[in-house]
Amino acid sequence: MPAIFTVDDQYVYATTFNNTIDAFPIDGTAPHTVIAGIDTRYDFDLGSNISTLYWIVGDSGKLISLPKNGGTPTVLASSVTLERLVVDGFKIFYLDGASLWTTNDDGANPYRLDGTVNAYELAVDDTYVYWVTAGTLYRASKIGYGTQAFPLWQGGGTTFITVGPRYVFVGDGSNLRRIDKQTLAMVTTAMTAGPANEPLGLTSVAADGDAVWFGGYTGPNAPFFGRLAVDGTITWVDNADPSKIVVHGDSVYYHAIANGRPSVKRVCR
């Protein structure tokens, strides 16, 4: 399975090299195909809610929905600059160029929340949509009450972001930043790994309560995957630098290479 996946209580749904989205049962029994004939070179940002899969087709700029039990795909939005899909229950958030949009899960009632977004990733909680640009943390009200900006550090390039009940976590180069959502107090951990404690270039982050799971690498063929607790303790879990991590139920799912092929692995929380 490639890195494009989403999870529910029964299945891991993932794109495959056969140009399908397959459902892989968590109990290890045989998978089945949900939809065939999609170009997995361009389909990305796969998400889901209780009944439906959603994905963005990068080459043609379409946001598509499909019932998890199969059927006919539905185009919910169309633009050549669609990206950064987040599915949050019965609401969908995505970027169209520099515009942050939200819609109902059936595509109804689209509403532009912000028109000046430059974000590598989006994250959502009950109240806000978050992103980071050049050391500034932004949060936009999910119901359209405006956007706040908090300059917290200088510079920064590609940033990964995730949000838990109390903290926003940001992976910025080799720095993993924990930001209190109420006070904006920030704790920065300079991530290192390996025998020589080399800087760890972060590739993904996923909140787990007050802790955060992360992936990264120190160089070619030197990947790392682990968990940073709120007290600063790091638990190293696997030699992988996942591009996606999903915390769901009692498990953590992450993209990794197994037997020379992309796959999704699972560990207990």
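The values are calculated or read from the model by the stated rules, or taken from the named source; none is laboratory data. Quantities reported herein were computed from a predicted structural model and do not represent experimental measurements. Quick reminder, even Gly has a Cβ in these numbers, built from the backbone with ideal geometry, and neighbours come from all protein chains shown.
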Out of SER48, SER60, SER79, report the one residue that is in contact (Cβ under 8 Å) with a residue 24 or more places away in the chain, surrounded by 12 or more Cβ atoms within 10 Å (Cβ to Cβ) and among the small types (Gly, Ala, Ser). SER48
Any chance VAL86 is in contact with a strand residue (DSSP E or B) (Cβ under 6 Å, 6 or more places away or on another chain), free of Cβ contacts under 8 Å to residues at least 60 places away in the same chain and either within 18 Å of VAL264 (Cα to Cα) or assigned to a strand (DSSP E or B) (or both): yes
I'd like to know if the stretch 175-188 contains one or more residues that are under 24 Å from THR52 (Cα atoms), in contact with a Lys or Arg (Cβ under 9 Å, 6 or more places away or on another chain) and surrounded by fewer than 21 Cβ atoms within 10 Å (Cβ to Cβ). no
Flagged in the stretch 238-250 as surrounded by fewer than 16 Cβ atoms within 10 Å (Cβ to Cβ) and assigned to a strand (DSSP E or B), in numbering order, are ASP238
So which of GLY226, GLY232 ends up being more than 16 Å from the chain's Cα centre (by Cα), within 23 Å of ARG177 (Cβ to Cβ), in a loop (DSSP other than H, G, I, E, B) and not hydroxyl-bearing (Ser, Thr, Tyr)? GLY232
Out of (1) under 17 Å from THR159 (Cα atoms); (2) of a type in the set (S, T, N, Q); (3) out of contact with any Gly (no Cβ under 7 Å at 6 or more places or on another chain), the one ASN197 does not meet is (1)
Name every residue in the stretch 14-40 that is over 22 Å from VAL247 (Cβ atoms), touching a strand residue (DSSP E or B) at 6+ places or on another chain (Cβ under 6 Å) and among the hydrophobic types (A, V, I, L, M, F, W, C), in order of residue number. VAL34, ILE35, ALA36
In the stretch 137-165, what residues are in contact with a strand residue (DSSP E or B) (Cβ under 8 Å, 6 or more places away or on another chain) and of a type in the set (Gly, Ala, Ser)? ALA140, SER141, GLY144, GLY146, ALA149, GLY156, GLY157, GLY164
Scan the stretch 119-134 and give yes if some residue there is more than 21 Å from the chain's Cα centre (by Cα), surrounded by fewer than 20 Cβ atoms within 10 Å (Cβ to Cβ) and polar (S, T, N, Q), otherwise no. no
Going residue by residue through the stretch 21-31, is there one that turns out to be surrounded by 19 or more Cβ atoms within 10 Å (Cβ to Cβ), out of contact with any helix residue (DSSP H, G or I) (no Cβ under 6 Å at 6 or more places or on another chain) and among the acidic types (Asp, Glu)? yes
Failed item, numbered, when ALA140 is tested on (1) modelled with pLDDT under 95; (2) touching a Gly at 6+ places or on another chain (Cβ under 8 Å): (1)
